[in-house]
């Protein structure tokens, strides 16, 4: 078992700042299970996350069981939704983080974007130069996952995947998306059968 990570110590540093962070994260994790009639502030006041202990003015975060984290990550990855990704700039070598939507189609993770004929997106150019990226889950479960991207340029494969994305976005212009939308398949490292 790994030792707990001390986030802050001392009676004066325990107050509202960190408690608010933990309450918001806990609320976001359980938001879908919460009855609609229950107010957010009431829920936050009552909820104490089981992974946080207060001991003599110190807040200690106890690591969750690895299997539980893998299950919660798998569940989050199986749903699709809004994430952040970090790529490495092809010219600068600096980290570049953006918010983007991912889709799960046929058990695989895909990221696409709105079609633009006038230019290539920076994030897709970065991934063409270096396919390594970090997927940042942030809705329901927070995790930074190392991953590899495969840019999909084959028209047959694009025609098989992009109609699903177009349907999710209520877009009738599948042909425009096939011609001009960025499209990658993402493989999360260390999570076999992630989606």
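Taken together, the values in this text are just the output of simple stated rules run on the coordinates, not laboratory data. Values in this document were obtained by computation on a predicted structure and should not be read as measured data. Counting neighbours? That spans all protein chains shown, and the Cβs are built from the backbone with ideal geometry, glycine included.
With neighbours defined as other Cβ atoms within 10 Å of a residue's Cβ, the residues 185, 157 order from fewest to most as 157, 185. Grab the beta carbon distance between residue 170 and residue 132, set R0 = 41 Å, and tell me the FRET efficiency rounded to 0.05. It comes to 0.80.
Shown is the FRET efficiency for residue 139 and residue 90, computed with R0 = 30 Å from the Cβ-Cβ distance and rounded to the nearest 0.05: 0.60.
State whether the stretch 73-188 is rounded, prolate or oblate according to the following rule on the C-alpha gyration tensor (a ≥ b ≥ c being the square roots of its eigenvalues): a/c under 1.5 gives rounded; otherwise a/b larger than b/c gives prolate, and the remaining case gives oblate. Judged from the Cα gyration tensor, the stretch 73-188 comes out oblate (a/c at least 1.5, b/c at or above a/b). Ordering 95, 181 by the number of other Cβ atoms within 10 Å of each residue's own Cβ, fewest first, gives 95, 181.
Exposure proxy shown here: for 134, 156, 87, the number of other Cβ atoms within 10 Å sets the order, fewest to most, as 156, 134, 87. Placing dummy labels 7 Å off each Cα toward the beta-carbon, the span from residue 187 to residue 117 is 3.5 nm.
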